[in-house]
Amino acid sequence: MKLTTARCHIYHLTRAQFQQFIDTPSVLWDQLGVVGEREHEPWFREILLQSLRTLDELGFPAWWLTNWSIVEIADKTVIGGITFKGPPNQAGEVEIGYGIADAYRNNGYMTECLQALVRWALEQDGVTAVTAETAKENLPSEVVLRNNGFEHVRDTEEFRYWRIHAPMHP
């Protein structure tokens, strides 16, 4: 599956592609015809492996736990990624997380791509809201969320929590 914005393609990775993304991302990028990081930091690879284990254990649709890779259309470069942290909970909420390469920050790419993926999520059956958490000191991420209509709902000592609800239909 692929979503497209003005400047980016957002590729949902299938379960098999996600495995390839974890094991040898360079092979996946070559298959997709894009340029991206050739390997992952060990801490990030462990997070990805945990996501894959959870996906395999619970068996829900892959889009709720695999990576959505962001590719800049102009130069076919992987510039970031977005992921849901699991399927909708009992209240119909899905949590989203995201990251973008330093060279592409503060240019509106994440705002643009998050908008497309949040819109897609809120159109899915059973989804009533998308939530996110940010470290309190991560002001650029707060800007991305606010620019996408997220509302600040609460704080803990370390984090701020955000939510956007699906539009009400008459």
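Got a sec? Which strands (runs of 3 or more DSSP E) wholly within region 129-170 have at least 2 residues that are among the hydrophobic types (A, V, I, L, M, F, W, C) and within 16 Å of GLY92 (Cα to Cα)?
129-135, 159-165
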Might you let me know whether region 41-59 holds any residue that is assigned to a loop (DSSP other than H, G, I, E, B), of a type in the set (D, E, K, R) and closer than 19 Å to SER26 by Cα? yes
Only one of these conditions is not met by PRO42: (1) surrounded by fewer than 16 Cβ atoms within 10 Å (Cβ to Cβ); (2) under 17 Å from ILE22 (Cβ atoms); (3) at pLDDT 90 or above. Which number is it? (3)
Note down all Cβ pairs under 6 Å where the first residue falls in region 1-19 and is within 13 Å of ILE82 (Cα to Cα), the second is basic (Lys, Arg) and open to solvent by 50 Å² or more (accessible area, probe 1.4 Å), and they're at least six residues apart or on different chains. HIS9/LYS2; TYR11/LYS2
Would you mind finding the one in VAL71, VAL78, VAL27 that is open to solvent by 20 Å² or more (accessible area, probe 1.4 Å), part of a strand (DSSP E or B) and either modelled with pLDDT under 85 or over 20 Å from GLN124 (Cα atoms) (or both)? VAL78
Residues of region 97-123 satisfying the condition of being free of Cβ contacts under 8 Å to residues at least 60 places away in the same chain, of a type outside the set (Val, Ile, Thr) and either open to solvent by less than 40 Å² (accessible area, probe 1.4 Å) or assigned to a loop (DSSP other than H, G, I, E, B) (or both): GLY97, GLY99, ALA101, ARG105, ASN106, ASN107, GLY108, MET110, LEU114, ALA121, LEU122, GLU123
Unmet criterion (only one of (1) under 21 Å from VAL153 (Cα atoms); (2) out of contact with any Gly (no Cβ under 7 Å at 6 or more places or on another chain); (3) surrounded by fewer than 20 Cβ atoms within 10 Å (Cβ to Cβ); (4) modelled with pLDDT under 95) for THR131: (4)
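The values are calculated or read from the model by the stated rules, or taken from the named source; none is laboratory data. A quick note: this is a predicted structure, and the numbers were derived from the prediction, not measured. Quick reminder, even Gly has a Cβ in these numbers, built from the backbone with ideal geometry, and neighbours come from all protein chains shown. Side chains are part of the model used for accessible areas, which takes the heavy atoms of the whole protein and leaves out ligands, DNA and RNA. Shrake-Rupley method; radii C 1.70, N 1.55, O 1.52, S 1.80 Å.
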